[in-house]
Amino acid sequence: RRYRTLQAAEVITEKEPELLELDIMNVPFKERNAICLFGTFTVRNRDGKDVSYLFSPKLRIIFLHLLLHSIVEKGVLSSTMNELFWPDKSDEKAKNLKGVVINHIRKILHELDGVELLYEKGRFRLVFGDAFYCDYIDYYGLIGEKKTLVPKGDNFEKCVKIWMRGRFLDGIGHEAL
């Protein structure tokens, strides 16, 4: 089977039942209070300003680790963070480094509404409110607990619209992710 890229003004006239027509201009994207993990890592504050630059490479990896584990689990154990991100440091040094990182993340999150970093029962986790948008939270809601690679029906079309932003965590590679 051959596939081709359609130009913006081109109209599909042939009907092929296996192909799904999508309005490519309707890609989910919020201009405020949003974090996008598909395509380029992007963080937009409450005013719509891109504040992604506030995340150094190490800070970004730690934040993404917290974010992903807050969505699919109940957060990250503090001790696990020490082992994963500062394995060669003493417990006291790792605790201090982690404290600095957590403070930086909290400071950045103050730029956004509807997301907060909490520490409860030895775990760090992010909590999300209605004002906050993350494309991965939408995606995870669409694929559900099944973690299916090919969602069915309307969910498939919604997933494709999210995928159109780009690869998941494009250009970001780390064993923690």
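The values are calculated or read from the model by the stated rules, or taken from the named source; none is laboratory data. Every value quoted in this text rests on a predicted model; they were computed, and no experiment measured them. The accessibility values were calculated without ligands, DNA or RNA, using every heavy atom of the protein model including side chains. Shrake-Rupley method; radii C 1.70, N 1.55, O 1.52, S 1.80 Å.
Between L84 and F128, 0.36 nm times their residue separation minus their Cα-Cα distance comes to what?
Fully extending the segment from L84 to F128 adds 13.4 nm.
Quick one: accessible surface of H110, probe radius 1.4 Å, all protein chains present, in square angstrom to the nearest 10.
Here the accessible area works out near 140 Å².
Please state the relative contact order of region 50-124 as a whole percent: Cα pairs under 8 Å, 6+ residues apart?
35
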